[in-house]
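Each remark here refers to the structure printed beneath this line.
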Amino acid sequence: MRAIVPLFALLSLPLSASAQSLQSGNWDLTSTAVDLVVPGAPGFLLRMMRGKSKTEHRCLPPEQSRAGVAALFVPNAEAKCTVERAVIADGRIDHAMSCPQKKGPPMHVVRAGTYNAAGFTARMTMTGQTEKGAMRIVADQVATRTGATCRK
């Protein structure tokens, strides 16, 4: 049961790669749970999470915005994820990474979607093994610019 919170937190893990230019400022990365299969988690809790969104607020300074979409996809250092595949070109995202767990084999995160100068839209599928069996979380992710200057 306690594993659900960290797993849902992974829904907003960013990706990596690209040269599409972005504007600096505030960006919101919103992940909306589409489907959740987490062995041992109460069904009512999974139903409550389905359709719920989590938004990560990011500040993209001018020096980082030059990196383009890749600046929004930098994995959180604390997650210690390894990028296995990052093909972000011609408006398309094909990204896969592996994230270690405290116990058991790593979680696999795969994203596919589209991007442009205004942000990205992707479907993320995270799979892995818990102590009680195989789990799978699917979420839709959207990044949008929310302001020209960063909030403090």
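Where a number appears in this text, it was derived from the coordinates with a stated rule and is not lab data. If you're wondering where the values come from, they're calculated on a predicted model, not measured in any experiment. Neighbour counts are summed over all protein chains in view; Cβ atoms, including those assigned to glycine, are modelled from backbone coordinates with ideal geometry.
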Order of M124, M48 from fewest to most other C-beta atoms within 10 Å?
-> M48, M124
Using 0.36 nm per residue of separation minus the Cα-Cα distance, give me the extension gain between A89 and R47 in nm, one decimal.
-> 11.6 nm
Compute the distance in nm between two label points, each set 7 Å from the Cα along the Cα-to-Cβ direction, one at E78 and one at R123.
-> 3.1
Within-10-Å neighbourhood charge of G25 [Cβ basis; K, R +1; D, E -1] | +3
Taking only the alpha-carbon atoms of the stretch 4-147, what semi-axes of the equivalent ellipsoid follow from 5 times the gyration tensor eigenvalues under a square root, in whole Å, largest first?
-> 27, 16, 13
19 Å Cα-Cα reach of K102 towards aspartates and glutamates, excluding residues that sit fewer than 8 places from it in its own chain | E78, E131
